[in-house]
1. Anything in region 121-146 that is of a type in the set (Ser, Thr, Tyr), more than 23 Å from the chain's Cα centre (by Cα) and either under 20 Å from Lys200 (Cβ atoms) or open to solvent by less than 20 Å² (accessible area, probe 1.4 Å) (or both)? List them, or say none.
2. Scan region 132-146 and report the pairs whose first residue is free of Cβ contacts under 8 Å to residues at least 40 places away in the same chain and whose second residue is part of a helix (DSSP H, G or I) and surrounded by 15 or more Cβ atoms within 10 Å (Cβ to Cβ), with Cβ atoms within less than 6 Å and a gap of 6+ or a chain change.
3. Scan region 63-81 for residues that are surrounded by fewer than 19 Cβ atoms within 10 Å (Cβ to Cβ), under 16 Å from Glu183 (Cβ atoms) and under 28 Å from the mean Cα position of the chain (by Cα) and jot them down.
4. Counting only residues that are aromatic (Phe, Trp, Tyr), give me the helices (runs of 4 or more DSSP H) lying completely in region 94-213 with at least 2 of them.
5. Does any residue in region 114-131 that is without any contact (Cβ under 8 Å) to a residue 60 or more places away in the chain come within less than 7 Å, Cβ to Cβ, of a residue that is aromatic (Phe, Trp, Tyr) and open to solvent by less than 90 Å² (accessible area, probe 1.4 Å) six or more places away or on a different chain, and which pairs are these?
6. Quick one: Arg188 ticks every box in (1) of a type outside the set (Gly, Ala, Ser); (2) over 16 Å from Asn58 (Cα atoms); (3) modelled with pLDDT under 95 except a single one, so which number is it?
7. Given the criteria among the charged types (D, E, K, R), assigned to a helix (DSSP H, G or I), over 27 Å from Phe208 (Cβ atoms) and out of contact with any Pro (no Cβ under 8 Å at 6 or more places or on another chain), does Lys53 qualify?
Amino acid sequence: MKRLALSLTLFSLLFTFGCQKAYYAGMEKIGYDKREILADRVENARESQQDAKEQFANALERYRSVVNFDGGDLEDKYNTLNDEYEVSEARAEDVRDRIESVEDVAEALFEEWTEEIQQYTSSKLRRSSQQKLTATKSRYNKLIRAMKKASSKMDPVLAAFKDQVLYLKHNLNAKAIAALEGELGTIRSDVDTLIKEMEKSIAEADAFIKTLE
């Protein structure tokens, strides 16, 4: 895995400029095919979602601590909540980026596989390869749906956190804290839903990676 990570770095410039074909061709020359790259990216996306799940849970706890404010510097409470929001936003963006990277290599893999199936002279082997491609696509589609569903659940949580952070910023007083308390139930419910969807997506990623081993 470390050797793969190093190789990915060596070809990062090609990838940055959108030269996907050159990137994948270069990786294959040093021994890494698209299937292995896909497995690696799915694993990275899984880890990213795990990090996001933990961060959103932490942010909820911070939110609760602000709601339970019983004296002290309100500006400190605002800064704490704002920091959690910014970290949560960064984790969410990383999740989105990882999902896009998975989609990119999957598209390249399936396109190549489809083209190469036509090169078989044996109809038996062609059918077998087509069946494997269909099964892999089916598992992949299930995975990407789960990932995107989980990712979409981050948006309402982030929007709610941002609203509360802004409101607290503009109203550093006890009434603002009371207003935050009124939204705690909704945010808690949204975070709980997000965590459940993240866990489902993580499980799908684990299952998909096993099929590629």
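The values are calculated or read from the model by the stated rules, or taken from the named source; none is laboratory data. Here the structure is a predicted model, which means the values were calculated and not measured. Positions of Cβ are generated from backbone atoms using ideal geometry, with glycine treated the same way; all protein chains shown enter the neighbour counts. Just the protein is used for accessible areas: all its heavy atoms, side chains included, with ligands, DNA and RNA removed. Shrake-Rupley method; radii C 1.70, N 1.55, O 1.52, S 1.80 Å.
1. Ser129
2. Leu133/Trp113
3. Arg64, Ser65
4. Details: elements: 123-152, 154-170, 174-212.
So the answer is 154-170.
5. Arg126/Tyr120; Ser129/Tyr120
6. All conditions pass for Arg188, except number (2).
7. The answer is no for Lys53.
Rundown of residues vs (1) within 30 Å of His170 (Cβ to Cβ); (2) open to solvent by less than 30 Å² (accessible area, probe 1.4 Å), yes/no style:
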{"site": "Glu89", "(1), (2)": "yes, no"}
{"site": "Ala92", "(1), (2)": "yes, yes"}
{"site": "Val95", "(1), (2)": "yes, yes"}
{"site": "Asp104", "(1), (2)": "no, no"}
{"site": "Trp113", "(1), (2)": "no, no"}
{"site": "Gln119", "(1), (2)": "no, no"}
{"site": "Lys148", "(1), (2)": "no, no"}
